[in-house]
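Engineer: Dropping a structure here in structure tokens format, bear with me for questions.
Just so you know, all these numbers are worked out from the coordinates, no wet-lab data involved. Please read these numbers as outputs of a predicted model, since none were measured by experiment. Ideal geometry is used to build each Cβ from the backbone, glycine not excepted, and the neighbour counts take in all protein chains shown.
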């Protein structure tokens, strides 16, 4: 007679975004997957613009087609106290979440201030943010003390899309371990796809930057991928699209192309 | 008959800060070493405070004893358009430079905006800033295009003082290589001491955080060192002192303790 083996968790590729939402306790990640299921979109638009009117126009024009808006509020030259209330109102109207792509990268004591204080008060409005793990586990602990009581979620940068980046091998393995040690707050990864070391754990969300249907790179080392390769082949969950959408002649039409390509790749994966 | 060997550059420990200033073409780094020689101080104070009055008080009260003020302008809740002109005036009065500890950590296209734009316009006032190399060489290229024409300098985070950090081994080696490939703009390192792989190259400046005469760490993974161990034993150039000074009962007296300890360690190294 052998002891019963513990039941294995269901594999991620066999579960829908909606099914996975039910397995996740973190409110930000669970809500994100619900929105993806409901709106049928896995597109996150990266709004890398330098003025508030441009940012709000992207949010308003593309909001109906996205699950998440990735911001860099620290490049907005005209940021003021009205910016976040306006952005939040648009996010609520179109039912998408906000992801300040801050890439925190300092020791725990400093990132707590950067997350909570300053002129941006990121933790007060950004449902999801992200961090590098090069400073060690103290960065996650510091951010968690601020963000977890607010129901926020953190993505760990496990891999990057830029040429010659160092988020590889042992660095990626240690990033995964730090995430596993903080599953209440770390909701997933910035990575090039699903991380095989996590054995298809359905409770982590993967987001992949550098997605572009037309271009293959820029002059400063960025390297691009397609929605099909990211969602179907590499089994990521969210495609992050920046210049490919907002510099297009018709951004509203262009975001729908990415939405359709990303959703088709997801349905192909589910039925595979 | 043997071919003449190329002359070896003079070793760093045998040269004074002032001698090394003459070997460096980058204006920010050269001026920093001149100030250190002239004021007889290798102390950088880290002003990790969250209000502008606190920051300006530290700059005014401690300015005469430091070569560099390390700032986190993004944790100042009351930052406004007057903050930088006021800070710059104090820096000029007391003859120290400014180092915004931004720890840039994104792809080249994004860090250019973060360095030049936003509400902080860091490149317009911060003589020295720093970056992680995890995104690959594009981050240095992006920052250099903005900072070099302004005479700014960049420090690369080659090592960190926090517990369990990943800036070790091959990561550190690659950071050093990226610095060597960009010597016009990369003026040195954040590290725990001189980096042996650079064979005592006198044209790189080393700055070491986590220096404290009284405490050995904090609750979020920070680990502390003494001025003697950092400057004499590990041959760093600048000690970065934060909470050890500005939370002391008498910060003005306390900064002089660090200044004397740091300078004594430097003179001991020179005469060794």
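Engineer: Report the residue, chosen from A:105, A:175, A:89, that carries the largest GNM mean-square fluctuation when chain A is represented by alpha-carbon nodes joined by springs under 10 Å.
Structural biologist: So, out of A:105, A:175, A:89, the one fluctuating most is A:89.
Engineer: Near the axis that takes chain B to chain A, which B residue has its beta carbon closest, and at how many Å?
Structural biologist: With distances in whole Å, chain B gives B:105, 2.
Engineer: Kindly give Rg over Rh for the protein assembly as shown, based on alpha-carbon atoms, with the Kirkwood expression for the hydrodynamic radius. Could the numbers behind the result be given before it?
Structural biologist: Working: Rg = 24.1 Å, Rh = 24.2 Å.
Ratio of gyration radius to Kirkwood radius for the protein assembly as shown: 1.00.
Engineer: What FRET efficiency, computed as 1/(1 + (r/R0)^6) with R0 = 35 Å and r the Cβ-Cβ distance, is obtained for residue B:23 and residue A:78, rounded to the nearest 0.05? Could the numbers behind the result be given before it?
Structural biologist: On the way: r = 43 Å, r/R0 = 1.23.
FRET efficiency, residue B:23 to residue A:78: 0.25.
Engineer: For A:228, B:254, what ranking results if the residue with the fewest other Cβ atoms within 10 Å of its Cβ goes first?
Structural biologist: On the way: A:228 17, B:254 20.
Listing A:228, B:254 from fewest to most nearby Cβ atoms yields A:228, B:254.
Engineer: Would you calculate the separation in nanometres between label points at residue A:95 and residue B:248, each defined as 7 Å from the Cα along the Cα-to-beta-carbon direction?
Structural biologist: Going by the 7 Å Cα→Cβ label model, 5.9 nm.
Engineer: In angstroms, what radius of gyration and Dmax does the stretch B:69-135 have, counting Cα atoms only?
Structural biologist: Taking only Cα atoms of the stretch B:69-135, I get Rg and Dmax of 12.3, 38 Å.
Engineer: Sort shortest first the distances from residue A:121 to its counterpart in every other copy, using label points 7 Å along the Cα-to-beta-carbon line, and give them in nm.
Structural biologist: 2.6
Engineer: Say a label goes 7 Å from Cα toward Cβ at residue A:95 in every copy; what distances in nm does this one have to the rest, shortest first?
Structural biologist: Nearest to farthest, the other copies are at 6.6 nm.
Engineer: OK, next. How far is residue A:270 from itself in the other copies, in nm, if each label sits 7 Å out from Cα along the Cα-Cβ line, shortest first?
Structural biologist: 7.2
Engineer: Sorted from fewest to most neighbouring beta carbons within 10 Å, what does the list B:201, B:65 look like? Provide the component values of the computation, followed by the final result.
Structural biologist: Values: B:201 18, B:65 23.
Fewest to most other Cβ atoms nearby, the residues stand as B:201, B:65.
Engineer: Per-residue Cβ counts within 10 Å, from other chains only, averaged over B:167-173: what number is that?
Structural biologist: Values: counts 5, 2, 2, 5, 5, 0, 0.
The shielding value for this peptide is 3.
Engineer: Then there's this: In µm²/s, what is D for the stretch B:10-97 at 10 °C and 1.306 mPa s, where D = kT/(6 pi eta Rh) by Stokes-Einstein and Rh is the Kirkwood radius from Cα pairs?
Structural biologist: Numbers: Rh = 13.9 Å.
Roughly 114 µm²/s, to the nearest whole number.
Engineer: A further question follows. Give me the percent relative contact order of chain B, please, defined on Cα pairs under 8 angstrom at least 6 residues apart. Before the final figure, lay out the partial values.
Structural biologist: Details: 515 pairs, mean separation 53.7, N = 272.
RCO, chain B: 20 percent.
Engineer: 7 Å from Cα along Cα→Cβ at both residue A:170 and residue A:270: what's the point-to-point distance in nm?
Structural biologist: So the two model labels end up 4.2 nm from each other.
Engineer: Hey, another quick one. Per 10 Å bin, what percent of the C-alpha pairs of chain B does each bin hold, from zero upward?
Structural biologist: 7, 31, 38, 20, 3, 1, 0, 0
Engineer: Something else about it: Determine the shape class of the stretch A:1-155: with a ≥ b ≥ c the square roots of the Cα gyration tensor eigenvalues, call it rounded for a/c under 1.5, and otherwise prolate if a/b is greater than b/c, oblate otherwise. Each step should come with its number before you reach the end.
Structural biologist: Working: a/c = 2.63, a/b = 1.35, b/c = 1.95.
It is oblate, given that a/c is not under 1.5 and a/b is not larger than b/c.
Engineer: Out of all Cα-Cα pairs in the stretch B:147-229, roughly what percent, to the nearest whole number, are more than 21 Å apart?
Structural biologist: Values: 1174 of 3403 pairs.
That tail contains 34 percent of the Cα-Cα pairs.
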